[in-house]
Amino acid sequence: MKPLNQLIRPNIKDLKPYSSARDEYTGEAAVFLDANENPFNQPYNRYPDPYQRKVKEKISALKTIDTSNIFLGNGSDEPIDLLFRAFCEPGIDNVVSIDPTYGMYQVAADINNIEVRKVLLTDDFELDVDGLLAACDAQTKLLFICSPNNPTGNCFRLEDIESVLKSFQGIVVLDEAYIDFAPEKSLLSKLNEFPNLVVLQTFSKAWGMAGIRLGMAFASEAIVKVLSNIKYPYNVNILTQEKALELLEKADDKQSWVELLLKERAMMQQALADLSFVQKVYPSDANYLLVKVDEAKAIYKYLVEKKIIIRDRSSVSLCDGCLRITIGQPSENKLLLDELRKY
């Protein structure tokens, strides 16, 4: 990896971050008259902790990661955008991404005027390591890998990911949004080994909290400090922090949800494979299945008429004729299968 100060945009390196009232004083006090807040309607009259310390402490204990290695954002989309703003000079630098994958990498790049160099997965949806590295040049600052990948659903081989980490001179962003559903372990334990690794995780999937918009980025203390310097001061609101703290006390609930969804995924994989118009159900390490079918668009429209919404991925690279089906509650899965059997 290049030294971090060679990867950071010069204006970001020289930036003097905004200092809020809560940056200057973080302890307990009898009276707060420092932030021009309305004194009524407590606790929502107060600005939230800009560094989400209590939430980070809970996450730190749960994942055995130091709080200095945790960045929290408004969904995972915020740290994705901040990584572009911190490390990529608009119109000059570029990033490399696998294809197909999560669409927000491209959107964030377009917003920041950054070229994306896409490298197709292999026919069996594995990383083309040589292709990824060959696409990089001196102006490549970030390399995005989503594992388990969206929409293909598979985890990539650990040795392939580590090969990229060892060879790429910039920052590797490993998006693990669906890792709780996978048999493979997170690469969080590799942060000390690879200072150029950023791991993204989320409360939206296994934790069932998509509505509160809370994403996690785990990285070296130096990278976390860069992201913290350029984020909006109060990027995670007090309601989100409160709800996250509440749910983090119920880790057993989250685990029971995951176990049920894995059982339903196995059932759905077999049931879908038995349908005459299904050509293939791809193996999945996530909470969804990629299914290759006859007449994908017709099936999608048929289900919409039945008020059942799935995702048509037939226009995505390597996914011709494919639908992506999220694993729902048993009753929802049954309703979907009943309608498909009538098709």
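Do you know which residues across the stretch 296-327 are charged (D, E, K, R) and either crowded, with 17+ Cβ neighbours inside 10 Å or within 24 Å of Met267 (Cβ to Cβ) (or both)? Within the stretch 296-327, Lys306, Lys307, Arg311, Asp312, Arg313, Arg324 qualify.
The lone criterion from (1) in contact with a strand residue (DSSP E or B) (Cβ under 9 Å, 6 or more places away or on another chain); (2) aliphatic (A, V, I, L, M); (3) within 30 Å of Asn45 (Cβ to Cβ); (4) surrounded by fewer than 21 Cβ atoms within 10 Å (Cβ to Cβ) left unmet by Leu239 is number (1). For Ile308, the criteria (1) assigned to a helix (DSSP H, G or I); (2) more than 21 Å from the chain's Cα centre (by Cα) hold in every case but one, which is (1). Taken over the stretch 6-47, the criterion of being under 30 Å from Ile171 (Cβ atoms), free of Cβ contacts under 8 Å to residues at least 12 places away in the same chain and surrounded by 13 or more Cβ atoms within 10 Å (Cβ to Cβ) is satisfied by Lys13 alone. Looking at the stretch 262-295, which of its residues are buried (at least 17 other Cβ atoms within 10 Å of the Cβ), more than 28 Å from the chain's Cα centre (by Cα) and under 25 Å from Leu120 (Cβ atoms)? Hit for the stretch 262-295 is Val278, nothing else. Screening Lys58 on (1) outside any helix (DSSP H, G or I); (2) in contact (Cβ under 8 Å) with a residue 12 or more places away in the chain shows it passes everything except condition (1). Annotation note: of Asp93, Asp124, Asp137, the sole residue that is loosely packed, with under 15 Cβ neighbours inside 10 Å, under 18 Å from Leu4 (Cα atoms) and modelled with pLDDT of 95 or more is Asp137. The single condition among (1) at pLDDT 95 or above; (2) under 27 Å from the mean Cα position of the chain (by Cα) that Asp49 does not satisfy is (1).
With respect to Ala206, determine if the residue is among the small types (Gly, Ala, Ser), in the same structural domain as Ile59 (by TED's automatic domain parsing) and in contact (Cβ under 8 Å) with a residue 24 or more places away in the chain. Yes. Within the stretch 154-178, the residues that satisfy the criterion of being out of contact with any helix residue (DSSP H, G or I) (no Cβ under 9 Å at 6 or more places or on another chain) and either surrounded by 18 or more Cβ atoms within 10 Å (Cβ to Cβ) or outside the structural domain of Leu121 (by TED's automatic domain parsing) (or both) are Asn154, Phe156, Ala177, Tyr178.
The values are calculated or read from the model by the stated rules, or taken from the named source; none is laboratory data. All values derive from a computational prediction rather than experimental measurement. Cβ sites come from the backbone with ideal geometry, for glycine too, and all protein chains shown count toward neighbours.
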